[in-house]
1. In this structure, is A:Ala125 surrounded by fewer than 20 Cβ atoms within 10 Å (Cβ to Cβ) and either touching a residue at least 24 places away in the same chain (Cβ under 8 Å) or not aliphatic (A, V, I, L, M) (or both)?
2. Please find, within region A:203-228, the residue that is farthest from B:Cys111 (Cα to Cα) out of those that are of a type outside the set (Gly, Ala, Ser) and either assigned to a strand (DSSP E or B) or touching a Phe, Trp or Tyr at 6+ places or on another chain (Cβ under 6 Å) (or both).
3. In region B:196-243, what residues are more than 8 Å from chain A (Cβ to nearest Cβ), at pLDDT 80 or above and under 30 Å from A:Val161 (Cα atoms)?
4. Have a look at B:Val144, B:Val151, B:Val131 and point out the one that is under 21 Å from B:Leu6 (Cβ atoms), within 13 Å of another protein chain (Cβ to nearest Cβ) and either surrounded by fewer than 16 Cβ atoms within 10 Å (Cβ to Cβ) or without any contact (Cβ under 8 Å) to a residue 60 or more places away in the chain (or both).
5. Considering each of A:Ala117, A:Ala125 in turn, give the residue that is within 20 Å of A:Ala222 (Cβ to Cβ), modelled with pLDDT of 90 or more and outside any strand (DSSP E or B).
6. Among what's in region A:78-111 and is within 20 Å of A:Gly143 (Cα to Cα) and without any contact (Cβ under 8 Å) to a residue 40 or more places away in the chain, pick the residue that is surrounded by the most Cβ atoms within 10 Å (Cβ to Cβ).
7. State which residue is farthest from the chain's Cα centre (by Cα) when the search covers only region A:178-228 and only residues that are surrounded by 14 or more Cβ atoms within 10 Å (Cβ to Cβ) and under 30 Å from A:Met260 (Cβ atoms).
8. What pairs come up if the first residue lies in region B:39-60 and is more than 11 Å from B:Ile173 (Cα to Cα), the second is in a helix (DSSP H, G or I), and their beta carbons are under 6 Å apart, counting only those six or more places apart or on different chains?
Amino acid sequence: MSRIRRDPREELAAATVSLAPRLRIDRAHRGGAALAVAATISAPTRIRLAEPDYLVFSVADAPGGVLSRHDRQVLGAARVLAGHNGAVMLLGATAEDAGPLGADRFMALPGGYEPEAAAALVAAAVQRHAPRHVLFPETADSGDLARRVAALLGEPLFDNVEALSATSVTRPASARRREWRAAPMRLMTIAPDMVAPYHGAPHEVEAFQPVEAPVRRGILAAAPMQVDAAEIPLNQASAVLSAGNGVKDFQGFLQLAHAMRATPGASRVVCDAGLLPRALQVGASGTVLDADVYIAFGISGAPQHLQGIGKVDHVVAVNTDLHAAMIARAELAIIADAQQVLPALLEALRP
Amino acid sequence: MKAVVLLSAGIHPRSGAAMPVPVELQAIALARRLGCDVVGIHAGQGGPAVEDCLAHGLDQIILLRIREGDDPLAAITAEIAAQKPDLILAGRRGQGGADSGMLPYLLAKACEMPIAADAVALAVAPEGLAVVQALPRGARRRLVVRLPAVVTVHESAAPALPFVYRDRLSGKIIETSGIAAPAPAFACETRPYRRRPKLIGDAGGSAEERLRAATEQKSAGGKLMVNPEPAEAAAAILDFMRRFQ
C-alpha cells in the first residue's frame, strides 16, 4: 500500500485567504488539498493471493477457541514478514476474523491440549509446505509447542522476539543484559505486546487440508484442575472482588469472594486499617491488576486505585456516592450501600 | 527414584554476578520433596554459580568440563545415557546464556523421552509421574507422563530450599571432561539490552488512534442503577459476571 503524499505548497495555497494588505493563512480551515486526495481512496477490497511467492506460518494459541490479542499480534508480525507477495497461513483452532487480521490461508489444528500431536502436525506441515518463516506466540502452551517443533525439525528457534521488521529481529539474552539481533529466522516466537496487529485491507482466507502425522505419546493424560481463587496471586487473577471503606463485614466479604470464585482484593484504606492483609491491596502502591472483571464494593476510586485497574476490561462498582470516580469508570454502576448488597449477593449464590 | 537436575551457570540480571538460576534451585527442591536421589549435572566451566547449588539441597554435582562456547547437549546426553535417571528436571529458561529454553527439548529428543513443561508440583502416579502444570492467570493442569521423562519447572513452583553453608562445604563436585561439540553457527549481532515500549490498547492504526487509546480515560458508559433493592442489585451483578467470564 503506497502512502498518499502531501503537497505542502498546494495546501498552503488553499489555506491562503488573502495576500494583501497582509498575508493571511487560515490553518484551521480543513479543506483544500488534503481532503481532495482523501476522497480518491476507494472502499477496501479483499486482497486475494492466488499464487504467492512464499508462505509464512502463524500458529495461534486461540484460548477458548477465539484468536487472542497476542495471536493477532503474531498475525501482524507474519504479515510484516510476508510483504506483498507472501501469503500468511494461520494454523489454529479457529479462522474466525482471520481475513481482516491479515491471514490468506488457514489450516486447522485440533483443539484441546495435545502438544505432541500438535507439534507433529506443525512439523509435518512445515516439511510439506516449506514456509519461509514459522511464528508462534510466546505463551505457556504455544511456547512449548514452538520448542517441540524446533526439536522435531532440528532447527534453531529464535524465541521471544521483542522487535521485528522485514529485515531484522531482536531478542533478549543473558538475563536481559544483552540482546541478539539477526535476520529473521525460520522458527521464531513473538513476545506479547511488542508487534502491532495488522490494520490494512482485509485478506481472503482459503482453507487448507491438515497434514497427517504419526505421534508417539508420552503425555498419557491431561485435565484442567480446579484452583481456589483466593490462592491465585492478585496480578494473575482473572476476576477480582475488592473491598473498600464501605464494607464492614470482612468475614462475609471473604465468603462472598469464595462463592463467586473471585480473588479478594482491597483498597489502601482497608489495608492501612489492618482489616485485610497488605498483599491484597490494589492500586499504585499495591498490585496492578490484569483481570477481566473487577467488582468494587464500597470503593470511591482514588486516582492511585484507578491506576491499579487500568488494564481491567469490565468493572462493576457498588457505592453510595453517585459522583465517585469509580462509578464513572464502571460498566455496571450500582448506587447502594455495599454492606446491604453483600449479604443479598451471598444469598443469591447460596445453592 | 533417581533424578537429575540440569544446572546452568546463571548470572544476576542486575549486577551480572555469577549466581544459580532460581528456577533450577526450585527444581532441586521439587525433586527432594518427591523423595528422589538427586544429582546435578552441569556442562561447562563450573564456577560459583554451579557450586552454590550444593548449598540448596544437592549432595553431588557432575561437572562435565567443556570449552566455553561449546554445545553442552552432546556431553549431557552421554552422561544421561550413563546415569539412566528416571526423571530429568530443568528450569523453564536459563538465565545468563541464550535463555531460549531449548536444551530440555533437545535433550528429550536425543534421549527419546517425553517432555512436560512448566511443572509446579510432582507426584508419583501408577502410570508414571503426575505433573501439575502452571498456566497463565493462575490456572493449573494435571498431566500424567510416562517415565523416564524430562520435566521443566516453572517459577511459581514452591520456593527453593534455604542456603546451608555446611552443605556447600560437604557437597561433592565430580569433574570429568565432557564431549567437545562446537555450537552450531548462529549469525547474529549482540549488543546491550534495550527495553522497548509495550503496545498499549488494541489500536494499531494511525498515530492519532494510538494516542487516543493511550490517553483517553476509559469511560464505560454502561448501566447505572440508583438505589435498587439489594436483591435486584445482586441479580444484576451475577448477570454481569455470567456475561464476561
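1. Judged against the criteria, A:Ala125 is not a match.
2. Residues of region A:203-228 that are of a type outside the set (Gly, Ala, Ser), as a first pass: A:203-206, A:208-212, A:214-217, A:219-220, A:224-228.
Restricting the remaining residues to those that are either assigned to a strand (DSSP E or B) or touching a Phe, Trp or Tyr at 6+ places or on another chain (Cβ under 6 Å) (or both) gives A:203, A:205-206, A:208, A:219-220, A:224-225.
Numbers: A:His203: 44, A:Val205: 41, A:Glu206: 40, A:Phe208: 34, A:Ile219: 16, A:Leu220: 18, A:Pro224: 28, A:Met225: 30 Å.
Only one residue fits best here, namely A:His203.
3. The one that is more than 8 Å from chain A (Cβ to nearest Cβ), at pLDDT 80 or above and under 30 Å from A:Val161 (Cα atoms): B:Pro197.
4. Working: B:Val144 fails: under 21 Å from B:Leu6 (Cβ atoms); B:Val151 fails: either surrounded by fewer than 16 Cβ atoms within 10 Å (Cβ to Cβ) or without any contact (Cβ under 8 Å) to a residue 60 or more places away in the chain (or both).
Result: B:Val131 is the single residue among B:Val144, B:Val151, B:Val131 that is under 21 Å from B:Leu6 (Cβ atoms), within 13 Å of another protein chain (Cβ to nearest Cβ) and either surrounded by fewer than 16 Cβ atoms within 10 Å (Cβ to Cβ) or without any contact (Cβ under 8 Å) to a residue 60 or more places away in the chain (or both).
5. On the way: A:Ala125 fails: within 20 Å of A:Ala222 (Cβ to Cβ).
Among A:Ala117, A:Ala125, only A:Ala117 is within 20 Å of A:Ala222 (Cβ to Cβ), modelled with pLDDT of 90 or more and outside any strand (DSSP E or B).
6. That would be A:Leu91.
7. For region A:178-228, the residue satisfying everything is A:Ala222.
8. B:Ala43/B:Ala75; B:Ala43/B:Ile76; B:Ala55/B:Asp167; B:Ala55/B:Arg168; B:His56/B:Leu25; B:His56/B:Ile28; B:Gly57/B:Ile28; B:Gly57/B:Arg32
The values are calculated or read from the model by the stated rules, or taken from the named source; none is laboratory data. Being a predicted model, the structure only gives us computed values, none of them experimental. Positions of Cβ are generated from backbone atoms using ideal geometry, with glycine treated the same way; all protein chains shown enter the neighbour counts.
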